[in-house]
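Data first, discussion second: the structure below is written as structure tokens.
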2 protein chains.
Amino acid sequence: MNSFKANILDLEENDVYPAYIVVDNNVFKEVTPISLRDKLDFDGIIIPGYIDSHIHIESTFLTPSSFAEAVLPLGTCSVIADPHEIANVLGVEGIQFMIDDGSEIPFDFYFTAPSSVPATEFESSGAVIDEEDIKNLLKKDGIVGLGEVMNFSGVINRDPSIISKLKIAKSLNKPIDGHSPQLSGNDLKKYSYWDDGLKIQIQQIYNDSIDAHDNAITNHTNQSSCNTINTNTISTDHESSSFDEAIEKKSLGMKIMVREGTSAKNMESLFNLKKRLELLSNQDFLGKISADDFGSILTNPIFDFLVTDDISPEDLIKGHLNALVKKAIELGIDIYEAIKMGTLNPSDHYNLNSGLIAKGRVANFILVDNLDDLNVRKTFVHGKLVAENGEVLFKRKKSKVINNFSLTEKKLEDFEINFNSLNDLDSPIDLKIKRINLIEVFDGELLTNKIQETVQIESGVVKEDVSRDILKLAVVERYGNNNVGLGFVRGFNLKEGAIASSVAHDSHNIVVVGTNSYYMARAVNLIRESEGGLAVVSSTIEKILKLPIAGIMTNKSIKSVVKEKLELNEIAKSLGVSLKSPFMTLSFLALLVIPSLKLSDKGLFDVDKFELIDIFVND
Amino acid sequence: MNSFKANILDLEENDVYPAYIVVDNNVFKEVTPISLRDKLDFDGIIIPGYIDSHIHIESTFLTPSSFAEAVLPLGTCSVIADPHEIANVLGVEGIQFMIDDGSEIPFDFYFTAPSSVPATEFESSGAVIDEEDIKNLLKKDGIVGLGEVMNFSGVINRDPSIISKLKIAKSLNKPIDGHSPQLSGNDLKKYSYWDDGLKIQIQQIYNDSIDAHDNAITNHTNQSSCNTINTNTISTDHESSSFDEAIEKKSLGMKIMVREGTSAKNMESLFNLKKRLELLSNQDFLGKISADDFGSILTNPIFDFLVTDDISPEDLIKGHLNALVKKAIELGIDIYEAIKMGTLNPSDHYNLNSGLIAKGRVANFILVDNLDDLNVRKTFVHGKLVAENGEVLFKRKKSKVINNFSLTEKKLEDFEINFNSLNDLDSPIDLKIKRINLIEVFDGELLTNKIQETVQIESGVVKEDVSRDILKLAVVERYGNNNVGLGFVRGFNLKEGAIASSVAHDSHNIVVVGTNSYYMARAVNLIRESEGGLAVVSSTIEKILKLPIAGIMTNKSIKSVVKEKLELNEIAKSLGVSLKSPFMTLSFLALLVIPSLKLSDKGLFDVDKFELIDIFVND
């Protein structure tokens, strides 16, 4: 025998592959991988198309079709989008807009039915999604689950209006997404095991889950837990910001979405090597398993999905799931498991029948250059090449423009906080100094602090103090009643002017921070003229990124949006703003379900107490 | 596009391979590995042929050609054999016999030049290998190194007769094999860095080696240390029985042969997971590396080769390197690294130019069924199929018979220990009880204990005590002077009869243990009749496995040898013997270089003191 074909073990590359071998005069004359002889149609490696299993598309300011155009070249073929933002503006009509707009493009859009519209009763939203809406939405094929259940205190206290929505999802066998930042102990158990009708003792379920979790750690090669959906519990969480928080939720059977978005970056905490070693060294199987198994367990992600949740257009243009998968690998996660977190795992959880290159699966796949770089070269949806070398291969139609916007022109006086108007009758009217509650924000964090400071009263008006970074903050209702909620905030470091946004989670009223009432009114009126947008004003400049679709999106391409957005950020920076993403931070200041202190059009909101509070501290 | 060929990432198998893909109606209709479509000539995987880099073929009782016939079906294509045993019997003539006999068969035999013949001056061997012999041997192509340097105290004390042999190896650039059981600290350094002529401070070399060792641990993917031979040091050790012992030697730059033979099984100690974790947790790179790297480091063997050293025919028939590689994998070693320890690593150390399926390498390879089972299906030497399904495909020639045997018939009196003959003039002649030094043996260990016991004197003759398992042991010189060394041993638990062997490391005189002198003489005479063999005698049975070639080997096939050997073991067991391999244990009782107490034809030998000692304890 002089030549033959066989699988060979290559001890230089530590690999096995079929090769063509020639032996001559006792030695190997040729050893060539068959794949090099048998001409392949592509250089590189085909992997499943990425799936972002929890994203609010609206945070990119792009419509679904524009979003798909942006992410297809990055290898994303599917998202499970929670159209919670547009639902707060336009209700079911808004959700239908997302579905219709997404259907115009070769991309697999899936949606969840938003469970929490409005998020709380302490704000004015543009629409309400009720039980009947939920039932109708969940019956649709492309709606794969109930969207994140944000009112955790409502679930814990078994508020019938929330529980009834969970029961609808359960009856239709669709998974329920959770949202439980910093929840733990009994509250977390009561949240996750929401269905008292089961009459199973929570402790027993808890113990079973711990066992299941231990098994999940041991049985590292098979993320079998991804194939069962338990509609008796909240099935996922994407709000864990520490390893211990995520492990507690995982131990209750929740699948953990490791979030790496713009404001919230949790991946480094959740893939922390020292924490993982600690956890493993407490397992009694150590010493019973081989070193190889130990290594595999250490590189097992433990958690389930990679998601962005909220990502800005300027971050998205740099990378989507492709970037998250690479970061997970850099943090020590096994490459196969990292890719599964963005492909197979979410597909199986939400029954998408994609995420795997295997017979019978939907043919969504991408061509990467190699497994070290994972650069996306081509993207295929339903077997068709739709993007190549950073560009899509089709022409996108313009999105329809719909909105819900009814706002009268604002005046300077609308943003003044009059001391005597605030019913604080116990204090003498001539007091010049007053103690207030205010919001403190941090760069890159959704969580805020509730702090106290003193401010001066001049002629009955409470004054901001720019030198001490105590700025006025307002939320202006934009759907008809035009309430103006007022408060103070620290952390922006704006020195002159105002920045405003009609993207303001979750009700998407207009949120504005400024160094005086004049600038604030001007910024809000600028947005009013376009019926939506991000605006910055100062004595020398006025600039707006128009968002005419529902006041939160635009029909433009990501490149154009990013260009305008970066200009806005530059202007904000030139005005003193020290936050990296001031508009992202601003847009979350009206989100009443993330601790600790927030502002709605109805006033200051203490998230921990879950009630509106007064600006002034009553000593 | 309906069908194409590309490399795919298979997330179910965690593998990458070229596949033929058909997409139809949005879904994958077919995903077939190209290797399944492109008909291969073999099922299974081709891996390099195994290399046992340290073995004494004589311990299998088989001649080289018979040995090759036995191991080719197991996947072994090469050995680096130290013909130290036959050299002690027949000198250079014996070594030439091994080379000639091995050349008759398709198998790559390599040899080392035995450095230590005789092993000590405290025994009578059949031959001597002097400096001139070493020089002539090392100049031959198939002789790839200097055989294990057993007289470590000679090296440590710079005995010129030993150092001169090391210098010859150095001048010819051939690696020097070590043998340093339980050596550590300064003695180990002086042993390893034997060449004072280098004038490099040992401490500096030591520090450099520690660095190199740390690098070796970190740089786990590249066992580059295997490609450099430092002839200034002892390059290998195969005697480490604990992890710490091996690590100390490794830190001095020695390559560690992980030995798993019949009497000595060190693999479990050297691949101990807890020890490896301890070592790693002391490295300051922990926390700086990814979990994936950590896992890879943990599965890195640290040590270099897998060897058997001495393996009995009944063990060899069950498996050779194929079994060692599987055991290493079961103990947590990465499969690629485990296979390298039995292929690429020894090839590169001894410059064999095999051990890898790559252009220009010698085409020795085997076909295994899969990487989980690693069952050997076919063996190829120099590209030719030579064994298949457990059988060789050629007919072996009979080996030549050579010997060195000159022994007169033994009588009962030759084995009596007369008290007054032992010059113990200080003690009263009528003392009935005497304290003696005796050897204690342990199942599966080469190391013996030096213990003390009391025995009775009857009519001037020192009596064995079968009830307390104090048996007489003798070593009978068989080359001419016919000295009889006498002593006592505990651990065999023989209750009636004697067992004897002309395989008796390293001088291969006849070693015999018995319950009385009559049986001992009978067993030795039985061996005398065949000029070599293993014998067992009792009141009812006499049985011998004849070893007429040098008194240590036979021309028979492994199957026939194993059948006879197992019968001998069964008889020994029926006579009360509790050791699993009594003949192996017996054959090492005359090996004066392994601690603690041994017997030669010249008498009891204290290995730690490295001197002959009296049987009787002088209080």
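The values are calculated or read from the model by the stated rules, or taken from the named source; none is laboratory data. What you see is a predicted model; the values in this text were computed from it and never measured. FYI the Cβ positions are ideal-geometry reconstructions off the backbone, even for glycines, and counts take in every protein chain you see. Note: accessible area is taken over every heavy atom of the protein model, side chains too, but ligands, DNA and RNA are not part of it. Shrake-Rupley method; radii C 1.70, N 1.55, O 1.52, S 1.80 Å.
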Point to revise | Accessible area buried, both sides summed, chains A and B with 1.4 Å probe, Å² | key: 6100 Å²
Check your understanding: Using +1 on the beta carbon of Lys and Arg, -1 on that of Asp and Glu, and nothing else charged, what's the dipole of region A:468-619 about the Cα centre, debye to 20?
Key -> 560 debye
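Quick one: ranking A:58, B:611 by accessible area, 1.4 Å probe, largest first, what do you get? Can you show the working numbers first?
Working: A:58 5, B:611 85 Å².
Largest accessible area first, the list is B:611, A:58.
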Practice item. Please get the size of the charge dipole for region B:17-96, origin at its Cα centre, with Cβ charges of +1 on Lys and Arg and -1 on Asp and Glu, quoted in debye to the nearest 20. Key: 400 debye
Practice item. Starting from the Cα-Cα distance between residue B:442 and residue B:610, subtract it from 0.36 nm times their residue separation and give me the gain in nm to one decimal. Key: 58.4 nm
Revision key, fill the gap. Honestly region A:443-515 on the Cα gyration tensor test (a ≥ b ≥ c root eigenvalues; a/c under 1.5 rounded, otherwise a/b vs b/c for prolate or oblate) is just oblate
Check your understanding: For residue B:559, which inter-copy label distances result when the label point lies 7 Å beyond Cα on the Cα-to-Cβ vector, reported in nm to one decimal and in ascending order?
Key -> 7.7
Check your understanding: Using the reciprocal of the averaged 1/r over all distinct C-alpha pairs, how large is the Kirkwood radius of chain A in Å?
Key -> 25.9 Å
Review point. Quick one: which of B:398/B:580; A:400/A:602; B:174/B:384; B:546/B:580; B:255/B:450; A:395/A:563 span more than 24 angstrom between C-alpha atoms?
Key: B:398/B:580; A:400/A:602; B:174/B:384; B:255/B:450
Check your understanding: Between residue A:411 and residue B:542, what is the label-to-label distance in nm when each label sits 7 Å out along the Cα-to-Cβ direction?
Key -> 13.2 nm
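Carbon-plus-sulfur fraction of the accessible area of region B:302-374, 1.4 Å probe, in percent? Show your work: numbers first, answer last.
Numbers: 840 of 1840 Å².
Ligands and nucleic acids excluded, carbon and sulfur give 46 percent.
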**Study point:** Solvent-accessible area per residue, Å², over chain A with all protein chains present [probe radius 1.4 Å]
**Key:** 36 Å²
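Quick one: pull the percent of accessible area on region B:51-191 belonging to carbon and sulfur, 1.4 Å probe, ligands and nucleic acids left out. Could you put the intermediate results ahead of the total?
Values: 1770 of 3860 Å².
In region B:51-191, the share of accessible area belonging to carbon and sulfur is 46 percent.
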Review point. Got the residue B:459 label distances to the other copies yet, label 7 Å along Cα→Cβ, in nm, shortest first?
Key: 13.7
Revision key, fill the gap. With one decimal in nm and the nearest listed first, the spacings from residue B:409 to its own position in the other copies, using label points 7 Å along Cα-to-Cβ, are 13.7
Check your understanding: Residue by residue, what Karplus-based ³J(HN,Hα) values in Hz, rounded to whole numbers, does region B:397-405 have, using 6.51, -1.76 and 1.60 with θ = phi - 60° and x for Gly and Pro?
Key -> 6, 5, 7, 5, 9, 10, 7, 9, 9
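When a/c is below 1.5 the answer is rounded, else prolate if a/b is larger than b/c, else oblate, so apply that to the protein assembly as shown with a ≥ b ≥ c taken from the square roots of the Cα gyration tensor eigenvalues.
Details: a/c = 3.10, a/b = 2.46, b/c = 1.26.
Here the protein assembly as shown falls in the prolate category.
So if the hydrodynamic radius of region B:391-529 is defined as the Kirkwood radius over C-alpha pairs, what does Stokes-Einstein give as its diffusion coefficient at 25 °C and 0.890 mPa s, in µm² per second?
Working: Rh = 16.7 Å.
The calculation lands on 147 µm²/s.
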**Study point:** Beta bridges per DSSP with both ends in the protein assembly as shown, % antiparallel, nearest 5
**Key:** 75 percent
Review point. Which single residue of chain A puts its beta carbon nearest to the axis of rotation relating A to B, and what distance, in whole Å, does that give?
Key: A:295, 1
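Quick check: from the Cα gyration tensor, does region B:488-553 come out rounded (a/c under 1.5), prolate or oblate? Present the calculation step by step, with values, prior to reporting the outcome.
Working: a/c = 2.24, a/b = 1.40, b/c = 1.60.
The shape class here is oblate.
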Check your understanding: Per 5 Å bin, what percent of the C-alpha pairs of region B:5-73 does each bin hold, from zero upward?
Key -> 3, 11, 14, 14, 10, 6, 7, 7, 9, 8, 4, 3, 2, 0
Check your understanding: If you project the alpha carbons of region A:63-149 onto their three principal axes, what span does each projection cover, largest first, in Å?
Key -> 41, 25, 20
Review point. How much of the calculated P(r) for region A:542-599 lies past 19 Å, in percent of all Cα pairs?
Key: 41 percent
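Near residue B:489, within a Cβ-to-Cβ distance under 13 Å, what is the net charge of the other residues, with Lys and Arg +1 and Asp and Glu -1?
Details: positive: B:450, B:468, B:472, B:490, B:598; negative: B:440, B:453, B:464, B:465, B:469.
Computed value for this residue: 0.
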Practice item. Return the long-range amide H neighbours of residue B:236 (sequence gap of 5 or more, or a different chain), with a cut-off of under 5 Å between placed amide H atoms. Key: B:178, B:255
Practice item. Indicate the residues belonging to region A:291-320 that lose 20 Å² or more of solvent-accessible heavy-atom surface (probe 1.4 Å) upon moving from the chain alone to the assembly of all protein chains, ignoring ligands and nucleic acids. Key: A:291, A:292, A:294, A:295, A:298, A:299
Practice item. Sketch the reach of a paramagnetic label on residue B:493 as a point 7 Å from Cα along Cα-to-Cβ, and name the residues of region B:566-593 whose backbone nitrogen lies under 14 Å away. Key: B:572-582
Practice item. Any chance you could check region B:330-345 for residues losing 50 Å² or more of accessible area when the partner protein chains are in, compared with the chain on its own (1.4 Å probe)? Key: B:336
Check your understanding: In deg cm²/dmol and to the nearest 500, what is the mean residue ellipticity at 222 nm of the protein assembly as shown if only DSSP H runs of at least 4 residues count, each as -39500 (n - 2.57), divided by the residue total?
Key -> -8000 deg cm²/dmol
